[in-house]
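The values are calculated or read from the model by the stated rules, or taken from the named source; none is laboratory data. Values in this document were obtained by computation on a predicted structure and should not be read as measured data. Using ideal geometry, Cβ is built from the backbone for each residue, glycine included, and neighbour counts are taken over all protein chains shown.
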Amino acid sequence: MSGDSEVKVRAAVSRGVGMVTSIEDLLLAAPGPGEVRVAIDACAVCHSDLMFLDGGWSIDFPVVLGHEAAGRVVELGEGVDNVAVGDRVVVSLIRACGACRACRRGHDVACTGDLALRNRSPLSDLNGKPVTHGLGTAAFAEQVVVHRSQVASFADSVPAEAAALLGCGVLTGVGAVTNTARVGKGDSVVVIGCGGVGLSVVQGARLAGADPIIAVDPLPAKQEAALRFGATHSTGPDGTTDRLVEATGGHLADHVFITTAAPGAFAGATSMLNRMGALVLVGIPAEGVTVEIDPGVLAVANQRILGSKMGTARLCEDVPRLIGQYQAGLLDLDGMITSTHSLDDIDTAFDEARSGEVIRTVVVFDHADNVKDPSG
């Protein structure tokens, strides 16, 4: 059950845009009512982390980032009944009060509830000065305190590194297909950007029975990866429309997913849409980026633009389903992990993610002897 004292944890602290990350001892508050403390086993690097580190999005420094994680519950706050001490859990930034209008409608990603962790950080330095609780998770640390809605249990047989991907990247990509766009069997799909989220969209489209699935990325290695994860065709940005028309026998796409934050990815995306088609915005560009769209064309063609934050997911429903698909061999999580690093080597993990040459790199805790080198 809950305690009343803080604990000391090692964490990766970012103190400013472009600065080297420092590994520091911080103080982590005990979980309050409705909160849990989790010992982190693995946390993947997401491009959202890099957007804050590189100044694309604003955040208060110092900050501990990391929001795509898995670990073990070690302490419960008062009133927590969805998990028990010792449970292995996925940890995500999705936080739902369960009582606001959005939550009552099942829209956890749009929660507006006034939860305690939205008003305070459980992290502070050894002098008592607050440290920002990055994305309400701060999982580049040995332990975290999060709201009960931010965790979902998974079986002991699932590796922590694989389960961690369900905290954001895979949850977002597959969820964009199943929850946001509701792709159906035989729908034609274009996926622009083949990083971790894009390849998760590819997998989600395959699971939904979409055909064709055309993956678009400037890097040949990413195009090849998309074919391994279920794309029927792959191409560079310049050949997309021709490849699409050829694959569909003359039609355009029922769904175009933009999974990258690169502003150029939005150019011409609507021109690939069939009548009644949907443009699904999954990647989030840097602050201030805008695009021009002709509303008349969308109206005449009955087309839609859909935003998809975190795959419109609900942890309590989506994580068990994705775990089941992984265990059944339908969803490949292991193949998405290109490399693993210890917490002390986190800047190398950040650099690998920036390079665009990895699918996912994962920071692992307490088993650094199993670190995987991306070069093979």
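Checked against the criterion of being assigned by TED's automatic domain parsing to the domain that holds residue 274, β-branched (Val, Ile, Thr) and surrounded by fewer than 23 Cβ atoms within 10 Å (Cβ to Cβ), the candidates 112, 132, 178 yield just one match: 178. Look at region 181-194: where a residue is in the same structural domain as residue 279 (by TED's automatic domain parsing) and on the phi > 0 side of the Ramachandran plot and a partner is of a type in the set (D, E, K, R) and crowded, with 24+ Cβ neighbours inside 10 Å, sitting 6+ places away or on another chain with Cβ atoms under 8 Å, you get 193/217.
Could you list, in sequence order, all residues of region 52-71 that are crowded, with 17+ Cβ neighbours inside 10 Å and at pLDDT 95 or above?
If we filter region 52-71 for residues that are crowded, with 17+ Cβ neighbours inside 10 Å, which is where we start, we get 52-53, 56, 62-71.
Of everything in region 52-71, those that are crowded, with 17+ Cβ neighbours inside 10 Å and at pLDDT 95 or above turn out to be 52, 53, 62, 63, 64, 65, 66, 67, 68, 69, 70, 71.
In region 281-298 there is no residue that is hydroxyl-bearing (Ser, Thr, Tyr) and within 18 Å of residue 201 (Cα to Cα).
Let's see how each residue does on (1) in a strand (DSSP E or B); (2) among the β-branched types (Val, Ile, Thr); (3) outside the structural domain of residue 155 (by TED's automatic domain parsing):
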| residue | (1), (2), (3) |
| --- | --- |
| 40 | yes, yes, no |
| 51 | no, no, no |
| 55 | no, no, no |
| 66 | no, no, no |
| 72 | yes, no, no |
| 75 | yes, no, no |
| 78 | no, no, no |
| 82 | no, no, no |
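Across region 138-175, the number of residues qualifying as surrounded by fewer than 24 Cβ atoms within 10 Å (Cβ to Cβ) and more than 21 Å from residue 73 (Cα to Cα) comes to 0. Within region 78-100, being in contact with a helix residue (DSSP H, G or I) (Cβ under 8 Å, 6 or more places away or on another chain), of a type in the set (A, V, I, L, M) and buried (at least 20 other Cβ atoms within 10 Å of the Cβ) holds for 80, 90, 91, 93, 94, 96.
If the condition is being under 25 Å from residue 345 (Cβ atoms) and either surrounded by 19 or more Cβ atoms within 10 Å (Cβ to Cβ) or not assigned by TED's automatic domain parsing to the domain that holds residue 94 (or both), then region 120-129 contributes only 123. Can you confirm whether residue 344 is assigned to a helix (DSSP H, G or I) and either surrounded by fewer than 14 Cβ atoms within 10 Å (Cβ to Cβ) or modelled with pLDDT under 95 (or both)? Spelling it out, residue 344 is indeed assigned to a helix (DSSP H, G or I) and either surrounded by fewer than 14 Cβ atoms within 10 Å (Cβ to Cβ) or modelled with pLDDT under 95 (or both).
Give me the residue from region 20-38 that is in a loop (DSSP other than H, G, I, E, B) and in contact with a Gly (Cβ under 7 Å, 6 or more places away or on another chain) and, out of that set, surrounded by the most Cβ atoms within 10 Å (Cβ to Cβ).
31
In region 244-265, the residues that are more than 22 Å from residue 174 (Cβ to Cβ) and without any contact (Cβ under 8 Å) to a residue 40 or more places away in the chain reach residues that are surrounded by fewer than 18 Cβ atoms within 10 Å (Cβ to Cβ) and not small (Gly, Ala, Ser) with C-beta atoms within less than 9 angstrom, at least six apart or across chains, in these pairs: 245/251; 263/289; 263/290; 263/291; 264/237.
Just checking, which of 306, 330 is aliphatic (A, V, I, L, M), modelled with pLDDT of 95 or more and part of a loop (DSSP other than H, G, I, E, B)?
Step by step, each of 306, 330 is checked, and only 330 is aliphatic (A, V, I, L, M), modelled with pLDDT of 95 or more and part of a loop (DSSP other than H, G, I, E, B).
Output the residues belonging to region 299-322 that are surrounded by fewer than 15 Cβ atoms within 10 Å (Cβ to Cβ) and small (Gly, Ala, Ser). Those that are surrounded by fewer than 15 Cβ atoms within 10 Å (Cβ to Cβ) and small (Gly, Ala, Ser): 299, 307. Residues in region 1-45 that are at pLDDT below 95, charged (D, E, K, R) and within 17 Å of residue 341 (Cα to Cα): there are none.
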